[in-house]
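A short write-up of the structure that comes next.
Only the coordinates and a few stated rules stand behind these numbers; no lab work does. For clarity, every value in this text was computed on a predicted model and none was experimentally measured. Ideal geometry is used to build each Cβ from the backbone, glycine not excepted, and the neighbour counts take in all protein chains shown.
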Amino acid sequence: MVALLIIVIICGCVKVEQGAEKVNESILNESRGSIESKLELEISIRADRFGFVGMEFVPNEDLGFGWSRPHPGPFIWNTIEPEKGKFDFSEADEIVKLAQAHNISILATIWPYATWDQEKWGNIDRFVKETIFFQLPKSRYKPYDIGEYKLFVKALVERYDGDGINDMSGLEKPIKYWEVLNEPDTSIFGENLAFFKGNAKDYFEILKATYEAVKEADPEATVINGGTIPIPRDKEGNVLNEFIEFWDQVLELGGGNYIDVFNIHSFSIPEDVDVMKKLLEKHGINKPIWVTEFTVKEENEEKKAETIVTSCTVGFWKGVEKVFYTAYIEFPKAPEDLKLGSLIDKEGNPKKAYYAFKTFALLVGNFEKVEKIEENAYKFKVEDLDVYILWNYSKIPKIKGKVLKVNLTGNSTLINASELKPSDKPFYVVLGDEKKLYNLKLKLEQVGKSSPPEIIKAILEKLGKE
């Protein structure tokens, strides 16, 4: 099992003698209540680098993630404009208001399907046999009337752009990030299970039209391609040609001109990012990368907890800006990958990965930059913190002073930096002003004492009776 060692250094630290074994008593005896009174607000600051996929915001509240990708979400042409020219934003408004009430940013997926528009295609192959997401029409080809579709997109973006023109009543947190469809490359398998029934050229046409409409309504908005399927490989580990050919054609047609952030879905972030960066570089494209669906398919809970942290860490260094996790609860009828990747078991109890992710998000969830120090050793800049993440017995940086030693799941102890040794077990180390160390220790204690919301067990009990 790959060992993980994580070291966090707070800049501007106070140096202490190497032989000291106890933290200054005046610091530890400071009124615990006066410090704790500040913690609720500080911990409630969302981790901007992390998001969750789904229609509910419970995972965001629980884990402290700053982003949500409602899936499939309410931003469906057919839902908002069920009849040509007649708009109903009520469902979308409800989601937007709920998100802003929880201080959560939305990545909105635009679905370009309206039954009244799709019907104009007639008897072509445009239907899915099994409906993935009943909210979407079964006919999932490109829009017949691109002009009407663009009018819909402009009305949608205008309502939530926050410019004061035709905005939703009570809008406080505008939507500035728009995703064009989801996994449009599912069609490469030739099955009628796809989110999209067209080919690469068809998707390019949707991408271009959506981009133009979004930018016309809100020039400051960011357009993201529909996330790729988790990169498919054969038994030897080679990427399937059909996958590369789909995106190669989208980019060859000029798709890079209509994508601000490139979006992938992944089971293994570092490897998948390498594949996509190579393809982008082939077309002379340099774009930020988001991973808007990430799951660790691992039965070993110890290894899963470690992989979440190491995979995200290396991914961030390779250019990933945000990661959205997909598996919160081990629902009985969930797909196998979501069961394996879940953070909470089928009884409603937290797994080790639950605490590992909360700890990781608390410490590096708002990092500013990251650099590679050496193999399996990375340094994050997080405001006045330097966060070193090391594993597989990487060397401990030359640091001095009092440190807060923290394991992968958030348990912490104040020790001297000279006492640190590489280990086969994951741990964090924080160096800094003793007040900051103590304050961080209290935050981590709250993480350790936390548990999934009671509503989770209630939901699972209800499902078990059905």
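Bridges between two residues of the chain, per DSSP, are antiparallel at a rate of about 50%. Each residue of segment 311-318 was assigned a 3J(HN,Hα) from its phi angle through the Karplus expression (A = 6.51, B = -1.76, C = 1.60, θ = phi - 60°), giving 5, 5, 4, 5, x, 4, 5, 7 Hz with x at Gly and Pro. Listed values for segment 333-339 are Karplus-derived 3J(HN,Hα) couplings in whole Hz (6.51 cos²θ - 1.76 cosθ + 1.60, θ = phi - 60°), namely 9, 6, x, 4, 5, 6, 5, and x replaces Gly and Pro. Of Lys352/Lys395; Lys120/Lys176; Lys297/Lys381; Lys381/Lys436; Lys282/Lys372, which pairs sit farther than 20 Å apart, going by alpha carbon to alpha carbon? Violating the 20 Å limit, Cα to Cα: Lys352/Lys395; Lys120/Lys176; Lys297/Lys381; Lys282/Lys372.
Rounded, prolate or oblate for segment 318-466? Axes are the square roots of the Cα gyration tensor eigenvalues, ordered a ≥ b ≥ c, and the cut-off for rounded is a/c under 1.5. Note, shape of segment 318-466 comes out prolate.
Here the simple spin-label model places points 7 Å from the Cα toward Cβ, and for Asp167 and Glu220 these points are separated by 1.0 nm.
The GluC sites (Glu not before Pro) of segment 107-201 meeting both criteria, a DSSP state outside H, G, I, E and B (loop) and at most 16 other C-beta atoms within 10 angstrom of the site's C-beta, are Glu130, Glu172, Glu191. When the Cα positions of Leu444, Phe189, Gly66 are compared along the charge dipole of the chain, Leu444 comes out farthest toward the positive end, with charges on each C-beta of Lys, Arg, Asp and Glu.
Determine the gain in length on full extension of the stretch Leu151-Glu419; use 0.36 nm per residue of separation and subtract their C-alpha separation, reporting nm with one decimal. Between Leu151 and Glu419, full extension yields 90.1 nm more. Among Leu362, Phe134, Phe52, which residue has its Cα furthest toward the positive end of the charge dipole of the chain, with +1 on Lys/Arg Cβ and -1 on Asp/Glu Cβ? Positive-most Cα among the choices belongs to Leu362. Note on segment 47-370: with charges restricted to the Cβ of Lys and Arg (+1) and Asp and Glu (-1), its dipole about the Cα centre is near 240 debye. Over all other residues within a Cβ to Cβ distance under 12 Å of Thr292, the charged ones net out to -2, with Lys and Arg as +1 and Asp and Glu as -1. Remark: segment 214-269 carries a charge dipole of roughly 200 debye about the Cα centre, counting +1 on each Lys and Arg Cβ and -1 on each Asp and Glu Cβ. Residues in segment 85-95 carry Karplus couplings, in order, of x, 10, 9, 9, 9, 4, 5, 5, 4, 4, 5 Hz; the curve used is 6.51 cos²θ - 1.76 cosθ + 1.60 with θ = phi - 60°, and Gly or Pro positions show x. May I ask you to derive the relative contact order of segment 47-370, considering only C-alpha pairs under 8 Å and at least 6 residues apart, and to give it as an integer percent? For segment 47-370, the relative contact order is 16 percent. When the alpha carbon coordinates of segment 75-166 are projected onto the principal axes, the ranges are 44, 28, 18 Å, largest first.
Full extension of the chain between Lys235 and Glu83 yields a length gain of 50.0 nm, computed as 0.36 nm times the residue separation minus the alpha carbon distance. Local charge for Ala99 was computed over the other residues whose Cβ lies under 12 Å away, with Lys and Arg +1 and Asp and Glu -1, and equals -1. The trypsin sites (Lys or Arg not before Pro) of segment 178-278 that meet both conditions, a loop assignment by DSSP and at most 11 other Cβ atoms within 10 Å of the site Cβ, are Lys235. Using the Cβ of Ile110 as centre and a radius below 15 Å, the other residues enclosed give a net charge of -4, where K and R count +1 and D and E count -1. The trypsin sites (Lys or Arg not before Pro) of segment 393-429 meeting both criteria, a DSSP state outside H, G, I, E and B (loop) and at most 11 other C-beta atoms within 10 angstrom of the site's C-beta, are Lys398. Extents of segment 125-282, taken as max minus min of Cα coordinates on every principal axis and listed largest first, are 54, 34, 27 Å. Normalised by 2.2 N^0.38 Å, where N counts its residues, the alpha-carbon radius of gyration of segment 47-370 equals 0.96. Across the options Asn392, Ala101, Ser342, the greatest Cα extent toward the positive end of the charge dipole of the chain (unit charges at beta carbon of Lys, Arg, Asp, Glu) belongs to Asn392.
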